[in-house]
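To start, the structure itself, in structure tokens.
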Amino acid sequence: MNIIFNRSYFRAVFVLVVAVNLLSCNSKPNDPSNNPTIVSDKVENLYAKGFTIEKHKDYKVVSVFNPWQHAQGIVFKYILADDISLLPDSLKKYTVIQTPVKKLVCLSTTHIAFLKALHQEKVISGIAAPEFVYDADIRSQVNNGKILNVGYDQAINIETIISLKPDFVMAYGVGSEASGQFERLKQLGVKVVFNAEYLENTPLGKAEWIKFVGAFCNQEDSANAFFQRTVYEYKELVKLASKTAKKPVILSGLPWKGVWYVPGGNSYASSFIKDAGGDYLWNSDKGTESIPLSLETVMEKANNAKIWINPGSVLSLSEIASLDSRMKSVTSFLSQQVYNFNARTSPGGGNDFWESGVVYPQVILKDLISVFHPELLPNHTFVYYNKLK
């Protein structure tokens, strides 16, 4: 399998924001005007909840729902057509994108990973924060001036984006309040499309957004085939892990400025633990977001865990100990059963786990099964994970 890697999820909290004003439409989910014509074919998603694709004879309607945290009742519609002249007038109030796209700007490296998986990276003309990109080829193109750096977060370079004349900017938002910095783009005719994969709570839900990206490149067949392979490989690994009688108890995370944010029991991170045959310490929680806890609260349960995973950005056990000496007494620390997802990092700090891991969840799952149940995959070599020493 050819594995392509890219981008960071903590920077999903971290990266670029766009807002409601950017898009040329915003309507209620049940508004009848959202369905101006009869749908000829609606693509049914298996896992993703944040988008839909409706295929018509001469165009596609791509809808994105609630594309930032805590949004409610927000829908953005994008009309995709090879020949825009064939569109009915009723659709021209929405954001219209001519397909296949030829030039776009990516504000998250997960977008780059999806495009590379579809062999469509040639359309990338600009990216945000290239220092966080893991993919060496993309970084090289930035260094050679073939792909431009459009800035980062509040320092987005609007003039550079405008100079590229992209078909659109692919972005994601972490809140509607940050729309001001992009209002100028709207005024100057630069289109923006929300990609909200980071809000999906399951590994396969995130991965299914390859269909969303594929629609803009007229690569639906390739995207569907890619995702079908992903689902098959992932579910086969889940079956393998389910055969084990014992499930090791798992601790996750690391305190940050006195607060330990543990994954919610129905979160993306906890889904991986469950599917890999682990017993997560907070699996009884029903939330999808991280739970802020004190170090003392976590320590009360930590010694029940056999294995500790995902301890932030640390590279060694001594780094963990230097943060707080009390963590040296944790059972999994003493037995040196601590594993982190930083096996592949870029010189600028990009972490491949949060990048291409969205596109290849079965590879992450294979790593975790090898951690939790090494006897099941005796010849496996870690891709995203490594054991801390």
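The values are calculated or read from the model by the stated rules, or taken from the named source; none is laboratory data. Because the structure is predicted, anything quoted here is derived from the model rather than measured. With ideal geometry, Cβ positions are generated from the backbone for all residues, glycine too; neighbour counts draw on all protein chains shown.
Check off (1) more than 20 Å from residue 373 (Cα to Cα); (2) in contact with an Asp or Glu (Cβ under 7 Å, 6 or more places away or on another chain) for residue 249 and give me the number that stays unchecked.
(1)
Any residue in region 293-311 that's under 21 Å from residue 276 (Cβ atoms): show its pairings with residues that are of a type in the set (Ser, Thr, Tyr) and surrounded by 14 or more Cβ atoms within 10 Å (Cβ to Cβ) at Cβ separation under 6 Å, as long as the two are six or more apart or on different chains.
Here the result reads 305/332; 307/332; 308/332; 309/252; 309/339; 310/252, each pair linking region 293-311 to a residue that is of a type in the set (Ser, Thr, Tyr) and surrounded by 14 or more Cβ atoms within 10 Å (Cβ to Cβ).
Residues are listed down the side, and each one gets a yes or a no for (1) aromatic (Phe, Trp, Tyr); (2) touching a His at 6+ places or on another chain (Cβ under 8 Å); (3) modelled with pLDDT under 95; (4) farther than 23 Å from residue 63 by Cα:
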| position | (1), (2), (3), (4) |
| --- | --- |
| 125 | no, no, no, yes |
| 137 | no, no, no, yes |
| 148 | no, no, no, yes |
| 184 | no, no, yes, yes |
| 191 | no, no, yes, no |
| 194 | yes, no, yes, no |
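Might you check whether a residue that is modelled with pLDDT of 95 or more, within 30 Å of residue 118 (Cβ to Cβ) and assigned to a helix (DSSP H, G or I) occurs anywhere in region 254-269?
Yes, region 254-269 has at least one match.
Check whether at least one residue in region 75-89 is surrounded by fewer than 21 Cβ atoms within 10 Å (Cβ to Cβ), modelled with pLDDT of 95 or more, aliphatic (A, V, I, L, M) and in a helix (DSSP H, G or I), and report yes or no.
The answer is yes; a qualifying residue exists.
So in region 226-264, with the set limited to residues that are within 30 Å of residue 297 (Cβ to Cβ) and among the charged types (D, E, K, R), which one is surrounded by the most Cβ atoms within 10 Å (Cβ to Cβ)?
247
Since residue 133 meets every condition but one in (1) touching a Leu at 6+ places or on another chain (Cβ under 8 Å); (2) surrounded by 22 or more Cβ atoms within 10 Å (Cβ to Cβ), which condition does it not meet?
Just one mismatch for residue 133, condition (1).
Condition test on residue 221, is it at pLDDT 95 or above and in contact with a Pro (Cβ under 7 Å, 6 or more places away or on another chain)? Spell out how you get there, then give the answer.
Values: at pLDDT 95 or above: yes; in contact with a Pro (Cβ under 7 Å, 6 or more places away or on another chain): no.
For residue 221, the condition - at pLDDT 95 or above and in contact with a Pro (Cβ under 7 Å, 6 or more places away or on another chain) - is not met.
Among the candidates 200, 159, which residue alone is acidic (Asp, Glu), closer than 29 Å to residue 274 by Cβ and in the same structural domain as residue 52 (by TED's automatic domain parsing)?
Result: 200 is the single residue among 200, 159 that is acidic (Asp, Glu), closer than 29 Å to residue 274 by Cβ and in the same structural domain as residue 52 (by TED's automatic domain parsing).
Read through the list (1) in contact with a Lys or Arg (Cβ under 8 Å, 6 or more places away or on another chain); (2) part of a strand (DSSP E or B), then give the number of the only condition that residue 283 fails.
Every condition holds for residue 283 apart from (2).
Looking only at region 108-123, which residues are assigned to a helix (DSSP H, G or I) and either under 20 Å from the mean Cα position of the chain (by Cα) or not charged (D, E, K, R) (or both)?
Those that are assigned to a helix (DSSP H, G or I) and either under 20 Å from the mean Cα position of the chain (by Cα) or not charged (D, E, K, R) (or both): 109, 110, 111, 112, 113, 114, 115, 116, 117, 121, 123.
Quick check on my filter: what residues within region 95-107 are at pLDDT 95 or above and within 17 Å of the chain's Cα centre (by Cα)?
If the condition is that a residue be at pLDDT 95 or above and within 17 Å of the chain's Cα centre (by Cα), then 105, 106 are the ones that fit.
Here is a yes/no grid of residues against (1) exposed (fewer than 15 other Cβ atoms within 10 Å of the Cβ); (2) modelled with pLDDT of 90 or more; (3) small (Gly, Ala, Ser); (4) part of a strand (DSSP E or B):
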position	(1), (2), (3), (4)
1	yes, no, no, no
13	yes, no, no, no
30	yes, no, no, no
48	no, yes, yes, no
54	no, yes, no, yes
73	yes, yes, yes, no
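Yes or no: residue 285 over 22 Å from the mean Cα position of the chain (by Cα), of a type in the set (Asp, Glu) and either more than 16 Å from residue 334 (Cα to Cα) or surrounded by fewer than 17 Cβ atoms within 10 Å (Cβ to Cβ) (or both)?
Against the criterion (over 22 Å from the mean Cα position of the chain (by Cα), of a type in the set (Asp, Glu) and either more than 16 Å from residue 334 (Cα to Cα) or surrounded by fewer than 17 Cβ atoms within 10 Å (Cβ to Cβ) (or both)), residue 285 qualifies.
For residue 321, all conditions in the list (1) crowded, with 21+ Cβ neighbours inside 10 Å; (2) farther than 17 Å from residue 386 by Cβ hold save one; what is the number of the exception?
Residue 321 satisfies all of (1) crowded, with 21+ Cβ neighbours inside 10 Å; (2) farther than 17 Å from residue 386 by Cβ except (1).
Among the residues of region 343-354 satisfying the criterion of being in a loop (DSSP other than H, G, I, E, B) and at pLDDT 95 or above, which is surrounded by the fewest Cβ atoms within 10 Å (Cβ to Cβ)?
Within region 343-354, the match that is surrounded by the fewest Cβ atoms within 10 Å (Cβ to Cβ) is 343.
Kindly indicate the residue of region 368-388 that is free of Cβ contacts under 8 Å to residues at least 24 places away in the same chain and out of contact with any Lys or Arg (no Cβ under 8 Å at 6 or more places or on another chain) and also surrounded by the fewest Cβ atoms within 10 Å (Cβ to Cβ) among those meeting that condition.
379
Within region 90-102, can one find any residue that is surrounded by fewer than 16 Cβ atoms within 10 Å (Cβ to Cβ), touching a strand residue (DSSP E or B) at 6+ places or on another chain (Cβ under 7 Å) and outside the structural domain of residue 354 (by TED's automatic domain parsing)?
yes
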